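To start, the structure under review is shown below, and the notes come after it.
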Amino acid sequence: MNSYLPKEKEELTELIKLRRMFHQNPEIGFTEFWTTARICEYLEPLSCQLLYGDKLKAALLEPDLLTARQNQLAYKVATEKGISDPWIEKLQGITGLVAIIKGKKPGPKFGFRVDIDGLPIVESTENAHLPYREGFASSNGFMHACGHDGHMAIGMGLAKRLAAAADKLNGEYYFLFQPAEEMIMGGKIFSTLNFIEDLNYFIPVHIGLKSERKIICGLSFLADKRYHVSFTGNSAHAAAFPEKGKNALLAACQAVTGLYGISRHSEGYSRINIGCFQSNNAVNIISDKVEFDLDLRGQFNNINEYLATQAENIIIGAAKMQDVQCSINVVTEGESADNSPALMLQIRKACLDIGIPEKDIMDHYLISASEDACIIMNKVAKNGGLATYVCIGCPTYGGHHNEKFDFDEDVLLAGVKILYQFVQNTQEKQ
Ligand SMILES: [Zn+2]
Ligand SMILES: [Zn+2]
């Protein structure tokens, strides 16, 4: 992938420039105002129809999901920066956008999804870290440590190519620049976009993940369900009247032990973790309030449903044992999704067509992480469309979600070329 035509060299230079611009200005979930503004600014002159702000909201079948999640405070901060940025005003407090390119003739509907959020990580200031060494590391306490800066560049580069070719294309092309992937929340909101059920093809893209230079035509993720659990009992003097207390701490500890003891499932693997366990009573008080966060993940949706049923029984049972109250709130959830073998084959063919050797193309790979694009993939598949999750694998120095995360920037061009070739191949078939 290292010898380029002069035009490709120019294109890669532009993709790198875009990636570095986003890298230097990361924003976390539902605060991606500057990011959304820059994407709009870039795409508008390319004759893309843009859905942002109220137009984006109007395209959602469940717009209330969006309202509940938007960070109005971050919007206020963004607009009060004092810098003239007309685009931020136009966003009306809503992050993310959809860009639509319409071909000359009717034809299939394509959806491409890239995520746009960063992470709350302070970026490395070591010289060995290339973004720092080359002066495009972030300094705002957030970081694109998962490659979403690169995903945006790929989405914008592909949109640019397709917009330029629009008068020769059939069909419609929808680019989802989705907020808040890291929170496993933006995908659910975007899954209610009014065109999702009509898509014939849907492809989310990720860089890295498998630290090898391989293209994965069908990447799979774990289903995920996250809870906030609380136990409420009665406080009492721990020495004088312990029998008058109802011990929330004991119930929570018994619940935690029980949760880690949930049996594995024969049909696939699972993950259980408890984090942020809090009890604030003094040592001479029977604990009356305990909270913790629970994360359940399963290889398939049915495994996650099994984990959820078991977990809820255990929590309720532990509360009963100590005669305390419990509340179990689902914070967020993500699904697993099947990749369409037919679409995976088309991605494989596109890779071969642009000269990627067979040995560098993989069909399946399961990663122990979750992705909220799966919920969109399932909706597309349910309505007869084809969906697959494509990974442009490469070494990720430091690894994902690490302060030294980085990737080989030439994968940006590979991503654009594969998806563009895939579109070209579908055109030939008609
Ligand atoms: Zn991530
Ligand atoms: Zn990611």
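Sequence-ordered 3J(HN,Hα) estimates for the range 39-51 from the Karplus curve with 6.51, -1.76 and 1.60 and θ = phi - 60° stand at 5, 4, 4, 6, 7, 4, x, 8, 6, 8, 7, 10, 10 Hz, glycine and proline given as x. Of His151, His400, the sequence from fewest to most neighbouring Cβ atoms within 10 angstrom is His400, His151. Pairs of Cα atoms nearer than 8 Å and 6+ residues apart set the relative contact order; for the chain it is 22 percent. Contact order, relative form, for the range 91-194: 47 percent (alpha carbon pairs under 8 Å, 6 or more residues apart, mean separation divided by residue count).
What the Cβ-Cβ distance of Ile354 and Leu65 gives, at R0 = 35 Å and to the nearest 0.05, is a FRET efficiency of 0.40. Taken one residue at a time, the phi angles of the range 408-413 give Karplus couplings (6.51, -1.76, 1.60, θ = phi - 60°) of 6, 5, 5, 5, 4, 5 Hz. Gly and Pro are set to x.
Between the helical axis of 301-321 and the longest alpha-carbon principal axis of the chain there is an angle of about 20 degrees. For the range 417-426, backbone phi angles converted through the Karplus equation (6.51, -1.76, 1.60; θ = phi - 60°) give residue-by-residue couplings of 5, 4, 5, 5, 5, 4, 4, 4, 5, 5 Hz, Gly and Pro being listed as x.
When Ile375, Ile216 are arranged by Cβ crowding within 10 Å, least crowded first, meaning fewest neighbours, the order is Ile375, Ile216. For the chain, modelled as a GNM whose springs connect Cα atoms under 10 angstrom apart, the maximal fluctuation among Thr388, Thr79, Thr31 occurs at Thr79. Comparing Gly155, Gly171, Gly93 in a Gaussian network model of the chain (Cα springs below 10 Å), the most mobile by mean-square fluctuation is Gly171.
Between 0 and 90 degrees, the angle of helix 6-24 with respect to the longest Cα principal axis of the chain falls at about 30 degrees. Report, to the nearest 10°, how far helix 148-164 tilts away from the longest principal axis of the Cα atoms in the chain, using its own Cα long axis and a range of 0 to 90°. So the inclination is approximately 30 degrees. Can you tell which of Val122, Val114, Val411 shows the greatest fluctuation in a Gaussian network model of the chain with Cα springs below 10 Å? Looking only at Val122, Val114, Val411, the biggest GNM fluctuation is shown by Val122. Tyr306 sits among other residues whose Cβ lies under 15 Å from its own Cβ, and their net charge, with Lys and Arg +1 and Asp and Glu -1, is -2. Treating r as the C-beta distance of Gln49 and Ser84 and R0 as 25 Å, the FRET efficiency rounds to 0.50. Computed over the range 223-334, relative contact order equals 44 percent, with contacts defined as Cα pairs under 8 Å that lie 6+ residues apart. With neighbour counts taken as other beta-carbon atoms within 10 Å, the residues His265, His364, His23 rank, fewest first, as His364, His265, His23.
None of the figures in this text is laboratory data; all of them are computed from the coordinates on show. Computed from a predicted model, the values in this text were never measured in an experiment. Positions of Cβ are backbone-derived with ideal geometry, glycine not excepted, and every protein chain shown enters the neighbour counts.
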